[in-house]
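A.B. asks: To start, I am sharing the structure in question, which I have written as structure tokens.
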Amino acid sequence: MTILSPKIGIIGAGRVGSSFASATYPDGKIVAASSRRPEHRAWLKQRLPNIPIVDQATEVPELADFIFITTSDAAIKPVCDSISWQPHHHVIHCSGALTLSVLESAANAGACVAGFHPLQTFHGYANPDRLSNIAYAIDCDDEALTAWLQSFADAHHSNTFTIQGETAHAAYHASAVLACGLLAGLVGISAELWQHGGIDRNQALKLLSPILKSTIEAIADDGLPDAISGPYVRGDLETIRKHLNITSDINPDTSRAYAALALAQLHIANEKGNFDDVTLSTIKRLLSGHLEAL
């Protein structure tokens with residue numbers, strides 16, 4: 001079955017939801033959106049004229065047949081359970097961490113359900129460009145809805161992949177957090193080390209930006225392990241010792257993060273084959289012993 005004229009509704013039009021809303025507005029597919037926050041509704045009404053912007057989630061399915069639930073993860077199931085779904089509805093959550101079980105009440109009512117997670121970070125509101133040239137995780141058992149979600153990704157020059165099951169979702173989402181949220185935090189604690197040379201964090205972030213961009217480019221262009229550089233691919237023991245000592249003196253938490261991350265990625269760095277087994281064992285003992293001592 002081909003889906004020709006979907007009427008799209010957004011429940012929880014925050015950063016992600018408002019981006020979906022803005023992306024579907026030009027072609028007239030979006031017909032309603034909800035937000036509990038008055039300032040969001042006022043902002044959306046200016047951005048999406050002639051589209052009902054409501055405060056109650058239950059009003060959206062009365063107008064739409066394809067409903068994206070883009071609330072926080074914790075709110076998805078309560079929101080879904082609060083709505084009287086009908087068989088013509090297609091209910092799609094946008095969480096990477098959660099399975100279809102959170103949409104059980106919709107499925108039990110005969111609605112088609114899916115998970116559709118944009119592998120992207122969203123800052124600011126209504127940024128449809130964030131939905132293009134990325135990857136989407138799809139969790140769906142319905143062929144027609146899966147095809148429609150894939151067509152959405154295709155229209156935004158993006159790739160899709162399938163993910164199903166608690167373990168797969170949890171591991172995938174942990175990976176996304178490591179590559180995005182925790183990466184940003186890692187850069188933050190990296191920048192804070194510069195204050196011991198008289199440079200504040202904001203200035204350090206600007207100075208670190210070129211090497212961060214080059215690293216991301218190397219990962220995309222060359223892959224791993226080639227994109228990894230530094231003492232852990234050279235087997236530079238003295239430099240490693242200096243790093244452990246100075247970070248320990250400055251901040252034990254930072255030092256613990258440094259050593260744990262270095263230890264966790266050591267097997268990838270070792271794929272370059274630049275040092276022997278004795279050096280590898282020595283580095284492992286250095287890092288493990290440092291972690292135990294903190």
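A.B. asks: For Gln150, indicate whether it is within 20 Å of the chain's Cα centre (by Cα) and either in a helix (DSSP H, G or I) or over 22 Å from Ala106 (Cβ atoms) (or both).
C.D. replies: Details: within 20 Å of the chain's Cα centre (by Cα): yes; either in a helix (DSSP H, G or I) or over 22 Å from Ala106 (Cβ atoms) (or both): yes.
Answer is yes for this residue.
A.B. asks: Using beta carbons and a limit of 6 Å, which pairs, at least six apart or on different chains, have the first residue in the range 256-271 and more than 23 Å from Leu294 (Cα to Cα) and the second one not in a helix (DSSP H, G or I)?
C.D. replies: Every condition considered, the pairs that remain are Ile268/Leu224; Ile268/Pro225; Ala269/Ile228; Glu271/Pro225.
A.B. asks: Take the residues in the range 134-151 that are out of contact with any Cys (no Cβ under 7 Å at 6 or more places or on another chain) and of a type in the set (Ser, Thr, Tyr), then tell me which one is nearest to Ser95 (Cα to Cα). First the steps, then the outcome.
C.D. replies: In the first step, residues of the range 134-151 are kept if they are out of contact with any Cys (no Cβ under 7 Å at 6 or more places or on another chain); the result is 134-141, 143-144, 147-148, 150-151.
Retained after the next criterion (residues that are of a type in the set (Ser, Thr, Tyr)): 136, 151.
Working: Tyr136: 11, Ser151: 19 Å.
Looking at residues that are out of contact with any Cys (no Cβ under 7 Å at 6 or more places or on another chain) and of a type in the set (Ser, Thr, Tyr), I get Tyr136.
A.B. asks: A follow-up question, please. Name the single residue, out of those in the range 152-170 being loosely packed, with under 13 Cβ neighbours inside 10 Å and free of Cβ contacts under 8 Å to residues at least 60 places away in the same chain, that is nearest to Val91 (Cα to Cα). So that I can check it myself, show each step before the final result.
C.D. replies: Of all residues in the range 152-170, those loosely packed, with under 13 Cβ neighbours inside 10 Å come to 154, 157, 159, 161-162, 165-167.
Going one step further and asking which of them are free of Cβ contacts under 8 Å to residues at least 60 places away in the same chain, we end up with 154, 157, 159, 161-162, 167.
Numbers: Asp154: 20, His157: 23, Asn159: 21, Phe161: 19, Thr162: 17, Thr167: 22 Å.
Restricting to residues being loosely packed, with under 13 Cβ neighbours inside 10 Å and free of Cβ contacts under 8 Å to residues at least 60 places away in the same chain, the top hit is Thr162.
A.B. asks: Name every residue in the range 28-74 that is of a type in the set (Lys, Arg) and part of a helix (DSSP H, G or I), in order of residue number. Please lay out each step first, then the result.
C.D. replies: In the first step, residues of the range 28-74 are kept if they are of a type in the set (Lys, Arg); the result is 29, 36-37, 41, 45, 47.
Answer for the range 28-74, where residues must be of a type in the set (Lys, Arg) and part of a helix (DSSP H, G or I): Arg41, Lys45, Arg47.
A.B. asks: Right, here's the next one. Output the residue which, of all residues in the range 106-125 that are open to solvent by less than 20 Å² (accessible area, probe 1.4 Å) and either without any contact (Cβ under 8 Å) to a residue 12 or more places away in the chain or in contact with a Gly (Cβ under 9 Å, 6 or more places away or on another chain) (or both), is farthest from Cys80 (Cα to Cα).
C.D. replies: Per the criteria, the residue is Pro118.
A.B. asks: Shifting gears a bit: Quick one: in the range 213-239, of everything that is assigned to a helix (DSSP H, G or I) and under 22 Å from Arg256 (Cα atoms), which residue is farthest from the chain's Cα centre (by Cα)? So that I can check it myself, show each step before the final result.
C.D. replies: Taking the range 213-239 as the starting set, the residues that turn out to be assigned to a helix (DSSP H, G or I) are 213-222, 231-234, 237-239.
Now narrow it down to the ones that are under 22 Å from Arg256 (Cα atoms): 231-234, 237-239.
Working: Pro231: 29, Tyr232: 28, Val233: 28, Arg234: 32, Leu237: 35, Glu238: 37, Thr239: 33 Å.
Filtering the range 213-239 for residues that are assigned to a helix (DSSP H, G or I) and under 22 Å from Arg256 (Cα atoms), the one farthest from the chain's Cα centre (by Cα) comes out as Glu238.
A.B. asks: Mind checking which residues of the range 1-31 are surrounded by 17 or more Cβ atoms within 10 Å (Cβ to Cβ) and at positive phi?
C.D. replies: Matches in the range 1-31: Gly12 only.
A.B. asks: Which of the residues belonging to the range 191-250 are open to solvent by 80 Å² or more (accessible area, probe 1.4 Å), β-branched (Val, Ile, Thr) and within 16 Å of His290 (Cβ to Cβ)?
C.D. replies: Scanning the range 191-250 gives a single hit, Ile246.
A.B. asks: Please go through the range 52-74 and pick out each residue that is open to solvent by 30 Å² or more (accessible area, probe 1.4 Å) and either basic (Lys, Arg) or out of contact with any Pro (no Cβ under 7 Å at 6 or more places or on another chain) (or both).
C.D. replies: We begin by selecting, within the range 52-74, every residue open to solvent by 30 Å² or more (accessible area, probe 1.4 Å); these are 52, 55-56, 58-59, 62-63, 65, 71-74.
Pro52, Asp55, Gln56, Thr58, Glu59, Glu62, Thr71, Ser72, Asp73, Ala74 - these are the residues of the range 52-74 that are open to solvent by 30 Å² or more (accessible area, probe 1.4 Å) and either basic (Lys, Arg) or out of contact with any Pro (no Cβ under 7 Å at 6 or more places or on another chain) (or both).
The values are calculated or read from the model by the stated rules, or taken from the named source; none is laboratory data. If you're wondering where the values come from, they're calculated on a predicted model, not measured in any experiment. Reconstructed Cβ throughout: ideal geometry from the backbone, glycine too, with neighbour counts over all protein chains shown. Areas reflect the complete protein model, heavy atoms only, side chains present, ligands, DNA and RNA absent. Shrake-Rupley method; radii C 1.70, N 1.55, O 1.52, S 1.80 Å.
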